[in-house]
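**Student:** Quick one: the structure is below, questions incoming.
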Amino acid sequence: MTMDEIISFVDGLDGVLTLRPAPGDGSPEIGWGDTFFSYAPDGVTPTATQPFATIVIKNYPGDEASRLDRPDTFRVNISAGKEAFIRWTGHAPREPAPTEVDPSTADTVIAHPVYGTVGWLAVVNPGPRTEAATRELLHTAYHLARSRYERRTESCQ
């Protein structure tokens, strides 16, 4: 599963705003080359919510465990909710993991090495073992983000 396949899949969902920061667009340099997915049917970048999924292509300060500095390595980060997190990791987000997983292992659904405590999942270089799961988790995260957006919109009317 390539980054372009993932981007195409998520971007094809109704109401998704896909941001791909690049030099010259006013975005911070640290985000250049990464991809951020938000539910924003109005096409306006949300300021009060986080993206529901991201693709990162490099290490961030304090987030080097996935070793994204290796050639052709990227990580999909997904906020698919507590139920999905428990199903894939075997524990609640704030609980310790029953077994230690190497965050640099490819094609494996894991708790995000930094944001796992708040329920984010991650997959380094999704492949044959995790392609269906990655799509399912992205779809779940999309639906959760859409539901949150709709609840906020209804409460403001």
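The values are calculated or read from the model by the stated rules, or taken from the named source; none is laboratory data. Keep in mind it's a predicted model, so treat the numbers as computed, not measured. Reconstructed Cβ throughout: ideal geometry from the backbone, glycine too, with neighbour counts over all protein chains shown. What goes into the accessible areas is simple: the full protein's heavy atoms, side chains included, and nothing from ligands, DNA or RNA. Shrake-Rupley method; radii C 1.70, N 1.55, O 1.52, S 1.80 Å.
**Student:** With 38, 66 as the choices, which residue is open to solvent by less than 30 Å² (accessible area, probe 1.4 Å) and within 19 Å of residue 131 (Cβ to Cβ)? Even if it seems obvious, please write down each step before you answer.
**Tutor:** Working: 38 fails: within 19 Å of residue 131 (Cβ to Cβ).
Criteria check complete, one pass: 66.
**Student:** Tell me which of these residue 92 doesn't satisfy, since it passes every other one: (1) open to solvent by 30 Å² or more (accessible area, probe 1.4 Å); (2) more than 25 Å from residue 17 (Cα to Cα).
**Tutor:** Here residue 92 clears every test but (1).
**Student:** Restricting segment 137-151 to residues that are farther than 18 Å from residue 77 by Cβ and free of Cβ contacts under 8 Å to residues at least 40 places away in the same chain, which is most open to solvent (accessible area, probe 1.4 Å)?
**Tutor:** This residue is 151.
**Student:** Taking only segment 117-131 into account, find how many residues are open to solvent by 60 Å² or more (accessible area, probe 1.4 Å) and either of a type in the set (Val, Ile, Thr) or assigned to a helix (DSSP H, G or I) (or both).
**Tutor:** As a first pass, look at segment 117-131 and keep what is open to solvent by 60 Å² or more (accessible area, probe 1.4 Å): 117-118, 128-129, 131.
Those left that are additionally either of a type in the set (Val, Ile, Thr) or assigned to a helix (DSSP H, G or I) (or both): 117-118, 131.
Number of matching residues: 3.
**Student:** Do the conditions hold for residue 99, that is, is it under 14 Å from the mean Cα position of the chain (by Cα), more than 23 Å from residue 131 (Cβ to Cβ) and assigned to a loop (DSSP other than H, G, I, E, B)? It would help to see each step written out before you state the result.
**Tutor:** Values: under 14 Å from the mean Cα position of the chain (by Cα): no; more than 23 Å from residue 131 (Cβ to Cβ): yes; assigned to a loop (DSSP other than H, G, I, E, B): yes.
It is false that residue 99 is under 14 Å from the mean Cα position of the chain (by Cα), more than 23 Å from residue 131 (Cβ to Cβ) and assigned to a loop (DSSP other than H, G, I, E, B).
**Student:** Related question: I'm told residue 30 meets every condition in (1) among the hydrophobic types (A, V, I, L, M, F, W, C); (2) open to solvent by 70 Å² or more (accessible area, probe 1.4 Å); (3) part of a loop (DSSP other than H, G, I, E, B) except one. Can you identify the failing condition by its number?
**Tutor:** (3)
**Student:** Could you tell me which numbered condition residue 70 fails, if it satisfies all but one of (1) at pLDDT 95 or above; (2) within 18 Å of the chain's Cα centre (by Cα); (3) not aliphatic (A, V, I, L, M)?
**Tutor:** Condition (2) is where residue 70 drops out.
**Student:** Turning to a different aspect of this structure: Which residue, of 105, 134, is open to solvent by 30 Å² or more (accessible area, probe 1.4 Å), out of contact with any Lys or Arg (no Cβ under 9 Å at 6 or more places or on another chain) and of a type in the set (Ser, Thr, Tyr)?
**Tutor:** Values: 134 fails: open to solvent by 30 Å² or more (accessible area, probe 1.4 Å).
Exactly one of 105, 134 is open to solvent by 30 Å² or more (accessible area, probe 1.4 Å), out of contact with any Lys or Arg (no Cβ under 9 Å at 6 or more places or on another chain) and of a type in the set (Ser, Thr, Tyr), namely 105.
**Student:** Related question: In this structure, does residue 129 turn out to be out of contact with any Leu (no Cβ under 9 Å at 6 or more places or on another chain) and either in contact (Cβ under 8 Å) with a residue 24 or more places away in the chain or of a type outside the set (Lys, Arg) (or both)?
**Tutor:** Values: out of contact with any Leu (no Cβ under 9 Å at 6 or more places or on another chain): yes; either in contact (Cβ under 8 Å) with a residue 24 or more places away in the chain or of a type outside the set (Lys, Arg) (or both): no.
No, not satisfied.
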